[in-house]
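Quick notes on the structure that follows.
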Amino acid sequence: MKLRFLCFSAALALAACNVPTVPDFTYYRLPKPQSLEAARAPLRDAIVVDAFGADGLYADQALVYAVDADGQQLRQYHYQLWTDPPTRVLQRRLIVMLREAGLSREVTDELPASRAAIRIHGVLLRFDRVPKGDGSWSVSVSLKLRADAPDGTPLVDEFYRDDEMVAGTDIKTSVDAYGVVLDRLFARFYADLRKHGDAANAR
């Protein structure tokens, strides 16, 4: 009996050695944003940037990648995550960029509804890591951005989309490429918003 017990214990120990190790979770932050061109004069109204909206995969914290080059089949990484949901990551990035550009004396994520402010709403439509036929990767980002004047009149209501080739094959270089694309898209939105702001300040 004692010998059987020892053999059984040894078998269990050997089996335990063959159990695959569960990989660690890795969390990613976007690189620091590039500065926007400084505003000529701050807008009269405060700016509120709401949390971005997103449906399905993009509302989760996991990074998303395409199985095919056309991006029709998508999957989530199990252990590669953003530090926060992309809806919050994009909101905070845009706030920082608009503040540093001096677009308004107050750029925030929340104000009372009774307070007059320009309110920015964003929807994340695509945020994919996409494989290329030669083994390289690109990232693809698509956003809908809207800015409403204090009286509810739309100042900007546009779709913004862009892609960026990734410098390497690892996730980190893809995350860096996401930062590049977002900075370009936010710069376009900023330019569109400034057109209305400069006209309003001239009156």
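The table below lists the values:
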| item | result |
| --- | --- |
| Output for the stretch 110-133, where each listed residue is in a strand (DSSP E or B), under 30 Å from residue 65 (Cβ atoms) and of a type in the set (D, E, K, R) | 126, 128, 129 |
| Meets criteria (without any contact (Cβ under 8 Å) to a residue 40 or more places away in the chain and either crowded, with 16+ Cβ neighbours inside 10 Å or in a strand (DSSP E or B) (or both)) for residue 138 | yes |
| Residue in the stretch 39-57 that is farthest from residue 100 (Cα to Cα), counting only those that are of a type outside the set (Asp, Glu) and at pLDDT 95 or above | 54 |
| Leading residue by the ranking (nearest to residue 132 (Cα to Cα)) among those in the stretch 162-178 that are assigned to a helix (DSSP H, G or I) and in contact with a strand residue (DSSP E or B) (Cβ under 6 Å, 6 or more places away or on another chain) | 174 |
| Enumeration of residues in the stretch 56-109 that are closer than 19 Å to residue 173 by Cβ, within 10 Å of the chain's Cα centre (by Cα) and not in a strand (DSSP E or B) | 86, 89, 93 |
| Inter-residue pairs, beta-carbon under 9 Å, first in a helix (DSSP H, G or I) and in the stretch 180-192, second basic (Lys, Arg) and at pLDDT 95 or above, 6+ apart | 182/93; 183/93; 185/161; 186/93 |
| Unmet requirement for residue 177, which otherwise passes all of (1) small (Gly, Ala, Ser); (2) surrounded by fewer than 18 Cβ atoms within 10 Å (Cβ to Cβ); (3) at pLDDT 95 or above; (4) over 18 Å from residue 98 (Cβ atoms) | (2) |
| Candidates 192, 170, 128, 162, filtered to the one that is in contact with an Asp or Glu (Cβ under 8 Å, 6 or more places away or on another chain) and either exposed (fewer than 14 other Cβ atoms within 10 Å of the Cβ) or modelled with pLDDT of 95 or more (or both) | 192 |
| Where residue 27 falls short, out of the listed (1) in contact with a Ser or Thr (Cβ under 9 Å, 6 or more places away or on another chain); (2) within 20 Å of residue 126 (Cβ to Cβ) | (2) |
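The values are calculated or read from the model by the stated rules, or taken from the named source; none is laboratory data. Every value quoted in this text rests on a predicted model; they were computed, and no experiment measured them. Quick reminder, even Gly has a Cβ in these numbers, built from the backbone with ideal geometry, and neighbours come from all protein chains shown.
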